[in-house]
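Data block below; observations after.
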Amino acid sequence: MMLNLDFWNSVEPADLFQSVSAEENRKYVVRVLRSLTPDRVWTNIIAEQVEAGHIEVRCFVSWLARKLQPRAYLEVGVRRGFSIAMVAAQCPEAEIYGFDSWTPNYSNVENPGSRFVQSEMERIGYRKKVHLIDGNSHETLPVFFEDKAEVGWKLRKKQEFVNKPDVFELITIDGDHSLLGAYQDLKNVMPHCAIGGVVIFDDIAPDLSILSPTDLEIVRRELGEDPYGWGSLLGVWRAIQQQFSNFRYFEYTKNSPGAGLAVRLS
């Protein structure tokens, strides 16, 4: 299956999602996850969901990495590197760039940092340096994409990425889950997606019915201010669709937490 523009212009969403949910891909996702250092909360939860036939963001990343064979991959919201690992395993020659603030005990779960992520990629055979950028993505992404860096810390950061790619064939956004923050991350990366490349946006359809009142309130606080009436990350995703009409959009909402795909056509 060639993922050229003819494919993306003609494929039906149901057929695309069926391909992503194929047993071969799901087994691969679980195998890579199980090769990493276990996370006390999420490794088993994600693996069991995928084994049960659910599609979650790692399934999309794995399938797209195998089909697109990106030369360059960018991710916002790295944490332990579960998603990056799918690209590193499928595409050992890809240049990988990850952005995260590595907030300690994020959502009450250990967040061990960039050195740990590099060592995890080595566990699955990725021998290149993972370019990991520490800090607030709303500050670091604009600097990363600037043609000319300003003085001070911006210049120092820029020197690290003199040979950075101009475009990325695959991008995943799974960082700031506030409405305005997620919108800003998407707005920053969309122009830098290659034609025929894909942007993945996680968590567009979380199942809030399973949350306790306390956890539900935490989620609502995380969404933050909503001056434009988006209401949810799905609303953010649809606002992005209005702004970037040169992409074709897919929304997978069958299984929580859902994911959106944006394919650049021109």
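Does residue 181 meet the test of being part of a helix (DSSP H, G or I) and closer than 18 Å to residue 232 by Cβ? Spelling it out, residue 181 is indeed part of a helix (DSSP H, G or I) and closer than 18 Å to residue 232 by Cβ.
Could you list all residues from segment 118-148 that are in contact (Cβ under 8 Å) with a residue 60 or more places away in the chain, under 25 Å from residue 93 (Cβ atoms) and under 17 Å from the mean Cα position of the chain (by Cα)? Matches in segment 118-148: 141 only. For segment 59-86, how many residues meet the condition of being under 18 Å from residue 193 (Cβ atoms) and small (Gly, Ala, Ser)? Total satisfying the criteria: 4.
Taken residue by residue, segment 225-235 has at least one member that is surrounded by fewer than 21 Cβ atoms within 10 Å (Cβ to Cβ), at pLDDT 95 or above and not in a loop (DSSP other than H, G, I, E, B).
Among the candidates 215, 207, single out the residue that is in contact with a Pro (Cβ under 8 Å, 6 or more places away or on another chain), more than 16 Å from residue 17 (Cβ to Cβ), surrounded by fewer than 15 Cβ atoms within 10 Å (Cβ to Cβ) and at pLDDT below 95. Outline the logic, then answer.
Numbers: 215 fails: in contact with a Pro (Cβ under 8 Å, 6 or more places away or on another chain).
On inspection, the qualifying residue turns out to be 207.
Where helices (runs of 4 or more DSSP H) fall entirely within segment 48-130, none has at least 3 residues that are closer than 23 Å to residue 258 by Cα and at pLDDT below 95.
From the list 99, 60, the one residue that fits, being closer than 15 Å to residue 203 by Cα and touching a helix residue (DSSP H, G or I) at 6+ places or on another chain (Cβ under 7 Å), is 60. Here residue 221 passes the criteria (1) exposed (fewer than 13 other Cβ atoms within 10 Å of the Cβ); (2) modelled with pLDDT of 95 or more; (3) part of a helix (DSSP H, G or I) except the one numbered (2).
The values are calculated or read from the model by the stated rules, or taken from the named source; none is laboratory data. These figures come from a predicted structure and were not determined experimentally. Using ideal geometry, Cβ is built from the backbone for each residue, glycine included, and neighbour counts are taken over all protein chains shown.
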